[in-house]
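Shown next, in structure tokens, is the structure this report addresses.
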Ligand code: PYR
């Protein structure tokens with residue numbers, strides 16, 4: 001009996017030690033995930049953001065956590081990434097939350113609200129300004145965990161075949177536009193079309209749409225918009241600094257070991273800075289190339305900007321009156337925006353206004 005009891009407890013000891021080993025191994029398990037991007041592979045900037053995250057995560061986990069990125073259309077179409085993550089078809093997706101405003105305009109606060117925040121301010125809103133907590137609560141209701149993983153900086157207003165001299169010129173225009181701005185443009189008579197980045201050029205070329213915006217000079221040149229439209233308008237008042245995001249199924253994300261979650265957080269934060277830097281460098285040379293090749297740059301007339309601004313306020317207030325989720329975040333975002341603008345008007349704006357108007361650094 002005694003011997004049997006000894007064997008049993010020894011057996012327990014053995015079992016305990018065999019259990020301990022996998023427990024240690026499980027903190028760095030081998031994991032392979034698939035990530036669907038909303039963007040075409042040709043865009044090293046925005047599609048490149050997901051590749052950047054995948055590479056960084058692999059580096060940070062000694063190659064144990066591998067994420068394979070698929071371009072728009074390879075697993076799911078560009079604008080169905082959120083649904084594919086939500087229903088578990090894929091573990092994660094790299095997309096822009098405002099593509100899903102048709103489900104609920106509240107999604108836009110994660111990416112960009114027209115006449116909203118620039119890249120610095122969006123980052124402030126999403127890191128220390130209250131946006132992260134509010135959006136996490138909203139996304140949890142969709143069984144998603146969402147982390148910022150990219151920003152394009154302020155975008156251009158897009159490509160038109162004819163000049164836009166007044167609000168009248170917008171009427172009846174079939175215009176590809178991303179996000180919540182479509183609802184605002186519609187108030188001014190535009191027929192907004194939300195089309196994935198890789199599908200814009202054929203639509204523009206065939207004349208299915210009259211004009212299009214995507215991001216800015218570097219991506220737009222790669223997508224070939226300058227070949228079919230001459231006038232390039234600015235600014236993209238609907239995208240002062242849109243965040244590009246990594247979306248994860250909530251349960252999938254929660255099942256990761258803490259170190260892998262931390263690796264994802266670090267990789268996504270790094271991707272945001274890297275993408276912004278890449279756009280800011282590539283756009284400056286792409287814009288020069290476009291202008292040299294005949295693109296006509298035009299600012300939106302003030303009358304158009306003012307009308308769009310008023311339409312945006314109406315759209316926001318109407319939505320807030322009927323959508324409690326939107327109202328809650330809109331009130332917080334609006335307050336943040338006002339206070340942040342107050343601060344930016346003092347140092348940042350004074351600096352920008354002086355240096356952009358100053359002559360080059362050459363001795364007279
Ligand atoms: C767009 O789809 O319009 C972006 O800015 C990414």
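So the values come out like this:
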item	result
Space enclosed by the convex hull of the alpha-carbon atoms of segment 74-152, per residue, Å³	96
Rounded Å value of the spacing that divides the Cα centres of segment 200-256 and segment 130-185	9
Per-pair calculated FRET efficiency, R0 = 41 Å: residue 345 and residue 163 via Cβ, rounded to 0.05	0.80
Hydrodynamic radius (Kirkwood) for segment 282-325, which is based on Cα pairs only, to one decimal in Å	13.6
The chain: calculated mean residue ellipticity at 222 nm from DSSP helix runs of at least 4, using -39500 (n - 2.57)	-16000 deg cm²/dmol
Shape category assigned to segment 256-364 from the gyration tensor of Cα positions, a/c cut at 1.5	oblate
Rounded Å value of the spacing that divides the Cα centres of segment 269-299 and segment 98-118	23
Rounded FRET efficiency, nearest 0.05, which uses the C-beta distance separating residue 128 from residue 208 and R0 of 56 Å	0.80
Kirkwood hydrodynamic radius over Cα pairs of segment 130-215, then Stokes diffusion coefficient at 10 °C and 1.306 mPa s, in µm²/s	107
For the chain, the fraction of alpha-carbon pairs in successive 20 Å shells from zero, as %	27, 53, 14, 5, 1, 0
Mean separation of Cα contacts under 8 Å, 6 or more apart, over the residue count of the chain: relative contact order %	22
Choice from 98, 47, 341 showing the highest fluctuation, given a GNM over the chain with Cα pairs closer than 10 Å	341
Fraction in percent of alpha-carbon pairs per bin - 10 Å, segment 51-91	29, 42, 28, 1
By average C-beta atoms within 10 angstrom, highest first, the peptides 238-249, 311-322, 210-221	238-249, 210-221, 311-322
Rounded tilt (10° steps) of 258-292 against the dominant C-alpha axis of the chain	20
Fraction of the pair-distance distribution of segment 316-357 above 12 Å, Cα-Cα pairs, percent	64
Part-to-part distance (alpha-carbon centres) for segment 40-86 and segment 329-360, which is given in Å	33
Rel. contact order, % - alpha carbon contacts under 8 angstrom, at least six apart, segment 64-187	24
Taking the convex hull of Cα positions in segment 214-303, its mean projected area over all directions (nm²)	8.0
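Coordinate-derived values only; no laboratory data. Just so it is clear, the structure is predicted and the values come from calculations on it, not from any experiment. Cβ sites come from the backbone with ideal geometry, for glycine too, and all protein chains shown count toward neighbours.
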